[in-house]
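Take a look at the structure set out below.
The values are calculated or read from the model by the stated rules, or taken from the named source; none is laboratory data. This one's a predicted model, so the numbers in the text were calculated from it and none came from an experiment. Glycine also receives a Cβ, built like all others from the backbone with ideal geometry; neighbour counts cover every protein chain displayed. Ligands, DNA and RNA are stripped out before the accessible areas are found, and what is left, the full protein with its side chains, is counted by its heavy atoms. Shrake-Rupley method; radii C 1.70, N 1.55, O 1.52, S 1.80 Å.
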Amino acid sequence: AWSLAERGEFAEGAAIGEEAVRIAESGGHPYSQVQAGFGLGMVYAIQGRTELAIPALEQGWVVARLEKIPFLVPFLTGPLGAVYARAGELDHAVTMLEQTVEQAVTMRLVANHALRLVWLGEAYLLAGRPASALDVARRALQTAEERHETGQRAYAHRLLGDIAASANESDAAQAAYREAMALAEALAMRPLVAHAHHGLGTLAYRTGRPDEAKASLAVAATMY
(Lines give C-alpha, C1' and ligand atoms only; values in the text may rest on other atoms or scores of the structure.)
Protein backbone atom coordinates (compact mmCIF):
# COMPACT_ATOMS: atom_id res chain seq x y z
CA ALA A 1 0.00 0.00 0.00
CA TRP A 2 2.77 2.41 0.95
CA SER A 3 4.77 1.65 -2.20
CA LEU A 4 1.72 2.20 -4.41
CA ALA A 5 1.03 5.53 -2.71
CA GLU A 6 4.61 6.70 -3.32
CA ARG A 7 3.99 5.99 -7.02
CA GLY A 8 0.73 7.96 -6.98
CA GLU A 9 -1.45 4.87 -7.36
CA PHE A 10 -3.76 5.94 -4.55
CA ALA A 11 -6.94 4.02 -5.39
CA GLU A 12 -5.14 0.67 -5.56
CA GLY A 13 -3.05 1.51 -2.49
CA ALA A 14 -6.14 2.40 -0.45
CA ALA A 15 -7.97 -0.74 -1.57
CA ILE A 16 -5.05 -2.95 -0.53
CA GLY A 17 -4.63 -1.08 2.76
CA GLU A 18 -8.32 -1.44 3.59
CA GLU A 19 -8.20 -5.14 2.75
CA ALA A 20 -5.23 -5.55 5.09
CA VAL A 21 -7.15 -3.81 7.88
CA ARG A 22 -10.13 -6.15 7.36
CA ILE A 23 -7.94 -9.27 7.39
CA ALA A 24 -6.07 -8.17 10.51
CA GLU A 25 -9.26 -7.26 12.38
CA SER A 26 -11.08 -10.45 11.41
CA GLY A 27 -8.11 -12.49 12.58
CA GLY A 28 -7.85 -10.59 15.84
CA HIS A 29 -4.10 -10.21 15.36
CA PRO A 30 -2.88 -6.98 17.03
CA TYR A 31 0.56 -6.86 15.38
CA SER A 32 -1.04 -7.12 11.94
CA GLN A 33 -3.66 -4.53 12.90
CA VAL A 34 -0.92 -2.05 13.71
CA GLN A 35 0.93 -2.77 10.47
CA ALA A 36 -2.27 -2.47 8.45
CA GLY A 37 -3.17 0.83 10.09
CA PHE A 38 0.29 2.12 9.25
CA GLY A 39 0.01 1.06 5.61
CA LEU A 40 -3.44 2.56 5.08
CA GLY A 41 -2.50 5.70 6.97
CA MET A 42 0.57 6.21 4.80
CA VAL A 43 -1.56 6.05 1.65
CA TYR A 44 -3.82 8.83 2.87
CA ALA A 45 -0.92 10.85 4.30
CA ILE A 46 0.91 10.88 0.97
CA GLN A 47 -2.33 11.65 -0.84
CA GLY A 48 -2.85 14.63 1.45
CA ARG A 49 -6.11 13.35 2.93
CA THR A 50 -5.40 14.16 6.56
CA GLU A 51 -9.00 13.56 7.57
CA LEU A 52 -8.55 9.87 6.64
CA ALA A 53 -4.89 9.47 7.54
CA ILE A 54 -5.37 10.58 11.15
CA PRO A 55 -7.98 7.98 12.18
CA ALA A 56 -6.16 5.15 10.38
CA LEU A 57 -2.88 5.94 12.09
CA GLU A 58 -4.48 6.69 15.45
CA GLN A 59 -6.21 3.32 15.43
CA GLY A 60 -2.92 1.52 14.84
CA TRP A 61 -1.23 3.61 17.53
CA VAL A 62 -3.92 2.77 20.09
CA VAL A 63 -3.61 -0.96 19.37
CA ALA A 64 0.19 -0.81 19.65
CA ARG A 65 -0.07 0.87 23.04
CA LEU A 66 -2.87 -1.31 24.42
CA GLU A 67 -1.24 -4.52 23.24
CA LYS A 68 2.20 -3.39 24.41
CA ILE A 69 4.01 -3.47 21.06
CA PRO A 70 6.50 -0.64 21.64
CA PHE A 71 8.65 -1.52 18.65
CA LEU A 72 5.89 -0.39 16.26
CA VAL A 73 4.95 2.82 18.06
CA PRO A 74 7.49 5.07 16.22
CA PHE A 75 6.27 3.70 12.90
CA LEU A 76 2.82 5.10 13.73
CA THR A 77 3.68 8.30 15.57
CA GLY A 78 6.05 9.48 12.84
CA PRO A 79 3.48 9.84 10.06
CA LEU A 80 0.78 10.68 12.61
CA GLY A 81 2.81 13.65 13.83
CA ALA A 82 3.33 14.70 10.22
CA VAL A 83 -0.38 14.74 9.43
CA TYR A 84 -1.15 16.51 12.70
CA ALA A 85 1.25 19.25 11.55
CA ARG A 86 -0.41 19.49 8.15
CA ALA A 87 -3.79 19.71 9.89
CA GLY A 88 -2.57 22.70 11.89
CA GLU A 89 -2.07 20.94 15.25
CA LEU A 90 1.49 22.21 15.40
CA ASP A 91 2.27 22.07 19.13
CA HIS A 92 0.92 18.53 19.37
CA ALA A 93 2.76 17.52 16.20
CA VAL A 94 6.13 18.90 17.23
CA THR A 95 5.94 17.26 20.66
CA MET A 96 4.93 13.90 19.19
CA LEU A 97 7.64 13.98 16.52
CA GLU A 98 10.38 15.01 18.94
CA GLN A 99 9.38 12.12 21.22
CA THR A 100 9.23 9.76 18.23
CA VAL A 101 12.76 10.64 17.10
CA GLU A 102 14.07 10.31 20.65
CA GLN A 103 12.32 6.97 21.13
CA ALA A 104 13.67 5.62 17.84
CA VAL A 105 17.21 6.64 18.77
CA THR A 106 16.86 5.00 22.19
CA MET A 107 15.56 1.82 20.55
CA ARG A 108 18.32 1.99 17.89
CA LEU A 109 15.57 1.85 15.28
CA VAL A 110 17.18 2.93 12.02
CA ALA A 111 14.43 1.95 9.56
CA ASN A 112 12.73 5.11 8.21
CA HIS A 113 14.74 7.32 10.56
CA ALA A 114 15.62 9.82 7.85
CA LEU A 115 11.93 10.15 7.06
CA ARG A 116 11.10 10.70 10.73
CA LEU A 117 13.61 13.56 10.76
CA VAL A 118 12.04 14.99 7.59
CA TRP A 119 8.62 14.95 9.24
CA LEU A 120 10.01 16.71 12.30
CA GLY A 121 11.68 19.29 10.06
CA GLU A 122 8.41 19.92 8.24
CA ALA A 123 6.65 20.48 11.56
CA TYR A 124 9.35 22.86 12.73
CA LEU A 125 9.08 24.85 9.50
CA LEU A 126 5.29 25.09 9.76
CA ALA A 127 5.68 26.15 13.40
CA GLY A 128 7.97 29.04 12.42
CA ARG A 129 11.22 27.44 13.56
CA PRO A 130 13.34 27.43 10.37
CA ALA A 131 16.70 27.03 12.14
CA SER A 132 15.50 23.87 13.86
CA ALA A 133 14.00 22.67 10.58
CA LEU A 134 17.31 23.17 8.77
CA ASP A 135 19.24 21.28 11.45
CA VAL A 136 17.05 18.16 11.26
CA ALA A 137 16.80 18.37 7.46
CA ARG A 138 20.58 18.16 7.24
CA ARG A 139 20.59 15.25 9.67
CA ALA A 140 17.90 13.54 7.58
CA LEU A 141 19.93 13.93 4.41
CA GLN A 142 23.09 12.63 6.08
CA THR A 143 21.21 9.63 7.49
CA ALA A 144 19.65 8.81 4.12
CA GLU A 145 22.99 9.13 2.34
CA GLU A 146 24.75 6.90 4.86
CA ARG A 147 22.07 4.24 4.42
CA HIS A 148 21.83 4.62 0.62
CA GLU A 149 18.10 5.42 0.83
CA THR A 150 17.34 7.19 -2.43
CA GLY A 151 13.69 7.87 -1.72
CA GLN A 152 14.36 9.35 1.69
CA ARG A 153 17.20 11.44 0.22
CA ALA A 154 14.62 12.87 -2.17
CA TYR A 155 12.33 13.79 0.74
CA ALA A 156 15.22 15.45 2.57
CA HIS A 157 16.14 17.55 -0.47
CA ARG A 158 12.50 18.56 -0.92
CA LEU A 159 12.43 19.77 2.69
CA LEU A 160 15.69 21.66 2.18
CA GLY A 161 14.05 23.32 -0.81
CA ASP A 162 11.06 24.36 1.28
CA ILE A 163 13.33 25.77 3.98
CA ALA A 164 15.43 27.73 1.49
CA ALA A 165 12.30 29.03 -0.25
CA SER A 166 10.87 30.23 3.07
CA ALA A 167 14.10 32.21 3.60
CA ASN A 168 13.94 33.67 0.06
CA GLU A 169 17.13 31.83 -0.88
CA SER A 170 16.06 31.28 -4.46
CA ASP A 171 19.17 29.58 -5.87
CA ALA A 172 19.50 27.14 -2.97
CA ALA A 173 15.78 26.32 -3.09
CA GLN A 174 15.84 25.69 -6.82
CA ALA A 175 18.88 23.41 -6.55
CA ALA A 176 17.31 21.41 -3.72
CA TYR A 177 13.97 21.00 -5.53
CA ARG A 178 15.72 19.85 -8.72
CA GLU A 179 17.80 17.31 -6.78
CA ALA A 180 14.65 16.02 -5.08
CA MET A 181 12.92 15.77 -8.43
CA ALA A 182 15.75 13.84 -10.08
CA LEU A 183 15.93 11.32 -7.25
CA ALA A 184 12.15 10.92 -7.09
CA GLU A 185 11.80 10.53 -10.86
CA ALA A 186 14.32 7.67 -10.79
CA LEU A 187 11.96 5.78 -8.48
CA ALA A 188 8.71 6.89 -10.17
CA MET A 189 7.64 8.68 -6.97
CA ARG A 190 5.08 10.84 -8.76
CA PRO A 191 3.60 12.67 -5.75
CA LEU A 192 7.05 13.75 -4.59
CA VAL A 193 7.97 14.82 -8.13
CA ALA A 194 4.76 16.85 -8.20
CA HIS A 195 5.62 18.53 -4.90
CA ALA A 196 9.04 19.49 -6.27
CA HIS A 197 7.45 20.95 -9.42
CA HIS A 198 4.99 22.86 -7.23
CA GLY A 199 7.87 24.24 -5.16
CA LEU A 200 9.68 25.36 -8.30
CA GLY A 201 6.53 26.93 -9.67
CA THR A 202 5.82 28.84 -6.49
CA LEU A 203 9.43 29.99 -6.43
CA ALA A 204 9.24 31.15 -10.05
CA TYR A 205 6.14 33.24 -9.35
CA ARG A 206 7.85 34.83 -6.37
CA THR A 207 10.92 35.75 -8.43
CA GLY A 208 8.99 37.23 -11.36
CA ARG A 209 9.01 34.34 -13.84
CA PRO A 210 5.27 33.75 -14.46
CA ASP A 211 5.61 31.62 -17.62
CA GLU A 212 8.03 29.24 -15.91
CA ALA A 213 5.79 29.17 -12.86
CA LYS A 214 2.71 28.23 -14.88
CA ALA A 215 4.60 25.46 -16.65
CA SER A 216 5.88 23.92 -13.39
CA LEU A 217 2.50 24.13 -11.68
CA ALA A 218 0.79 22.61 -14.73
CA VAL A 219 3.17 19.64 -14.63
CA ALA A 220 2.55 19.24 -10.90
CA ALA A 221 -1.20 19.17 -11.47
CA THR A 222 -0.94 16.35 -14.02
CA MET A 223 1.16 14.17 -11.74
CA TYR A 224 -0.82 14.30 -8.50
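Tabulated data for the structure shown
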quantity	calculated
Conditions (1) among the aromatic types (Phe, Trp, Tyr); (2) farther than 20 Å from Arg158 by Cα; (3) open to solvent by less than 30 Å² (accessible area, probe 1.4 Å); number of the one not met by Phe71	(3)
Which listed residue is free of Cβ contacts under 8 Å to residues at least 24 places away in the same chain and over 14 Å from the mean Cα position of the chain (by Cα), from Glu12, Glu67	Glu12
Members of the range 42-83 that are closer than 26 Å to Met223 by Cβ and aromatic (Phe, Trp, Tyr)	Tyr44
Ser32 being free of Cβ contacts under 8 Å to residues at least 40 places away in the same chain, open to solvent by 50 Å² or more (accessible area, probe 1.4 Å) and either part of a helix (DSSP H, G or I) or over 19 Å from Gln103 (Cα atoms) (or both)	no
Some residue of the range 148-155 being in a loop (DSSP other than H, G, I, E, B) and surrounded by fewer than 23 Cβ atoms within 10 Å (Cβ to Cβ)	yes
Considering residues of the range 41-64 that are part of a helix (DSSP H, G or I) and out of contact with any helix residue (DSSP H, G or I) (no Cβ under 7 Å at 6 or more places or on another chain) only, the residue most open to solvent (accessible area, probe 1.4 Å)	Glu51
The range 158-170: number of residues that are under 14 Å from the mean Cα position of the chain (by Cα) and either open to solvent by 30 Å² or more (accessible area, probe 1.4 Å) or touching a residue at least 60 places away in the same chain (Cβ under 8 Å) (or both)	2
Per-region count, the range 171-189, residues open to solvent by less than 10 Å² (accessible area, probe 1.4 Å) and over 18 Å from the mean Cα position of the chain (by Cα)	1
Filter result (open to solvent by 20 Å² or more (accessible area, probe 1.4 Å) and part of a helix (DSSP H, G or I)) within the range 125-137	Leu125, Leu126, Pro130, Ala131, Ser132, Leu134, Asp135
When residues of the range 190-199 are limited to those that are open to solvent by less than 70 Å² (accessible area, probe 1.4 Å) and touching a Leu at 6+ places or on another chain (Cβ under 9 Å), the one nearest to Trp2 (Cα to Cα)	Leu192
Among the candidates Ile54, Ile23, residue that is among the aliphatic types (A, V, I, L, M), more than 20 Å from Glu98 (Cα to Cα) and either at pLDDT 95 or above or under 21 Å from the mean Cα position of the chain (by Cα) (or both)	Ile23
Condition check for Gly121: within 23 Å of Pro79 (Cβ to Cβ) and part of a helix (DSSP H, G or I)	yes
In the range 87-115, the residues that are under 19 Å from Trp2 (Cα atoms), assigned to a helix (DSSP H, G or I) and open to solvent by 10 Å² or more (accessible area, probe 1.4 Å)	His113
